[in-house]
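Asker: The structure is given below, and queries will be raised subsequently.
The values are calculated or read from the model by the stated rules, or taken from the named source; none is laboratory data. Quick caveat: nothing in here was measured; it's all calculated off a predicted structure. With ideal geometry, Cβ positions are generated from the backbone for all residues, glycine too; neighbour counts draw on all protein chains shown. SASA here: full protein model, heavy atoms, side chains in, ligands and nucleic acids out. Shrake-Rupley method; radii C 1.70, N 1.55, O 1.52, S 1.80 Å.
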Amino acid sequence: MWTCKTCHTENLDDDGFCIECGLVKSEISTNHCSNPECKFHNVILPNPKQKYCGKCGSLTTYYEKIFGDI
């Protein structure tokens, strides 16, 4: 089960949208900056598919996982 952030309706895990208001189910992010020198290195980014750190410009862990380390 997941709870809609907008209307707080309980939805089934395999529902991609809220059954009450239609809000898309958000992905849980584990994405963060891959640069250990960046002060935001351990800060989880709200966008799970963000490719670059907005603070230092380094690749994110998502980018490295999908496209490999450059």
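Asker: Looking at this structure, is residue 64 open to solvent by 70 Å² or more (accessible area, probe 1.4 Å), without any contact (Cβ under 8 Å) to a residue 40 or more places away in the chain and among the charged types (D, E, K, R)? Lay out the reasoning, then the answer.
Answerer: Details: open to solvent by 70 Å² or more (accessible area, probe 1.4 Å): no; without any contact (Cβ under 8 Å) to a residue 40 or more places away in the chain: yes; among the charged types (D, E, K, R): yes.
No, not satisfied.
Asker: Here's another thing I want to ask about it. Output the number of the condition that residue 64 fails; it satisfies all remaining conditions of (1) assigned to a loop (DSSP other than H, G, I, E, B); (2) at pLDDT 90 or above.
Answerer: With (1) assigned to a loop (DSSP other than H, G, I, E, B); (2) at pLDDT 90 or above applied to residue 64, the lone miss is (1).
Asker: Show the residue pairs meeting these rules: Cβ distance below 9 Å; 6+ apart or different chains; first residue within region 29-44 and without any contact (Cβ under 8 Å) to a residue 24 or more places away in the chain; second residue open to solvent by 40 Å² or more (accessible area, probe 1.4 Å) and among the basic types (Lys, Arg).
Answerer: Hits for this filter: 29/49; 38/55; 39/55; 40/55; 43/55.
Residue by residue, here is whether (1) surrounded by fewer than 14 Cβ atoms within 10 Å (Cβ to Cβ); (2) under 18 Å from the mean Cα position of the chain (by Cα); (3) among the β-branched types (Val, Ile, Thr); (4) within 24 Å of residue 66 (Cβ to Cβ) holds:
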| site | (1), (2), (3), (4) |
| --- | --- |
| 12 | yes, no, no, no |
| 20 | yes, no, no, no |
| 23 | no, yes, no, no |
| 26 | yes, yes, no, yes |
| 33 | no, yes, no, yes |
| 36 | yes, no, no, yes |
| 39 | yes, no, no, no |
| 48 | no, yes, no, yes |
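Asker: To continue, here is another question. Any idea which residue in region 50-61 is nearest to residue 2 (Cα to Cα), counting only those that are in a loop (DSSP other than H, G, I, E, B) and open to solvent by 40 Å² or more (accessible area, probe 1.4 Å)? Lay out the reasoning, then the answer.
Answerer: Step one: of region 50-61, the residues in a loop (DSSP other than H, G, I, E, B) are 50-51, 53-58.
Filter again for open to solvent by 40 Å² or more (accessible area, probe 1.4 Å), leaving 50-51, 54-57.
Working: 50: 23, 51: 26, 54: 29, 55: 31, 56: 34, 57: 33 Å.
The qualifying residue nearest to residue 2 (Cα to Cα) is 50.
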